[in-house]
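Structure first, then comments.
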Amino acid sequence: MVNNNKHVKEDGDSYDFTLDGEWDDDDKLVISTAIHDIALALSQATNLPPHIIYNRVFGKLTFKLSGSLKYYGFVEDKNFISFKPNKITKYIVVHEMGHLFYLRIPQPIETLSKTGIYSPSNKFLTGLHPYGYYYRNNGKSAPKNGYVSDWYTDGYQLHPVTLPDGNNVDEDWADLFRNWVYNSFVQNEAGITLYNWVNDHMILWLNKYLELKDAE
């Protein structure tokens, strides 16, 4: 079963996504809330209306349900994300949308893989280490790494280094994106730097979407 592919907000603006499967009302609400939150963050970065910039970046996306997933969410490809029923939170959705972001716009992980992120005082924070290997969070724990918590159950890092395959650029970026959307990094040098790094680059990454002319 495929549900309607245009979900309309009260203000009349529509967000282009499809729900595939038997979704209950609670999980539908989580998806809609996460999409709206992402759209607002993208809008603040680009000064475009939320539904327009969301649809340009994430339109034609299908959300599916799968009870057999190892984790609670999984990006299948550029157009499909699967979730485990009744295990979905808005933070999981935004984390998975971070994965989808780099599949459609690869610059974030390309940059992290080549340079990494440094604070204004030139402290290495995360990404490609000066010695040539990827070193997520520079081996530091919260809050010194800029995050409120390192536990995935707390929802700030959904796939931290403490989980298998957590010390890689894919999961690093997805958690950076999740905390950028909610501006939830710790207000210390590391957290402020991480937020500013994403925010400063976002307009560059979204540049090709700013002047599109379509049926909006």
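Each reported figure results from applying straightforward, stated rules to the coordinates on display, with no laboratory input. Nothing here was measured: the structure is a model prediction, and the numbers come from that model. Neighbour counts are summed over all protein chains in view; Cβ atoms, including those assigned to glycine, are modelled from backbone coordinates with ideal geometry.
Where the centre of each part is set by its Cα atoms, how far does the stretch 71-115 sit from the stretch 192-209, in angstrom? Their Cα centres are 17 Å away from one another.
Using Cα springs under 10 Å in a Gaussian network model of the chain, which residue among Leu40, Leu125, Leu48 shows the largest mean-square fluctuation? Greatest mean-square fluctuation among the candidates belongs to Leu48. In this structure, the pairs whose alpha-carbon distance is over 28 Å, taken from Lys78/Lys114; Lys64/Lys114; Lys60/Lys87; Lys70/Lys123; Lys64/Lys144, are Lys64/Lys114; Lys70/Lys123; Lys64/Lys144. For the stretch 109-205, a crude dipole built from +1 on the beta carbon of Lys and Arg and -1 on the beta carbon of Asp and Glu, taken about the Cα centre, is about 260 debye to the nearest 20. For the stretch 6-111, the residue among Ile105, Pro85, Val57 whose Cα projects farthest onto the positive side of the dipole built from Cβ charges is Ile105.
Can you compute the helix-only [θ] at 222 nm over the chain? Use -39500 (n - 2.57) per DSSP H run of at least 4 residues, normalise by all residues, nearest 500 deg cm²/dmol.
On the way: 6 runs with 85 residues, N = 216.
Only helices count here, giving -12500 deg cm²/dmol.
Label separation (Lys144 vs Lys78): 4.2 nm, computed from points 7 Å beyond Cα along the C-beta direction. GNM remark for the chain: springs join alpha carbons under 10 Å apart, and the peak mean-square fluctuation among Leu176, Leu19, Leu29 falls on Leu29.
The alpha carbon convex hull volume per residue for the stretch 62-161 rounds to 113 Å³.
Using the crude model of +1 on Lys and Arg Cβ and -1 on Asp and Glu Cβ, and no other charge, please compute the dipole size for the stretch 6-105 relative to its Cα centre, in debye to 20. Mind showing how you got there, number by number?
Numbers: 12 positive and 14 negative charges, 79 e Å.
Here the stretch 6-105 has a charge dipole of around 380 debye.
Note on the chain: GNM, Cα springs under 10 Å; of Arg104, Arg136, Arg178, the largest mean-square fluctuation is that of Arg104. About its Cα centre, the dipole of the chain is roughly 520 debye, where the only charges are +1 on Lys and Arg Cβ and -1 on Asp and Glu Cβ.
Between the listed residues Gly116, Tyr209, Thr18, the Cα displaced farthest toward the positive end of the dipole of the chain, a dipole computed from Cβ unit charges relative to the Cα centre, is found at Gly116. Can you tell me the orientation of helix 25-46 relative to the chain, as the angle in degrees between its alpha-carbon axis and the longest Cα principal axis, to the nearest 10? Once rounded, the angle reads 60 degrees. With the simple spin-label model, which puts each label point 7 Å out from Cα in the Cβ direction, the His201 to Asp16 separation comes to 2.6 nm.
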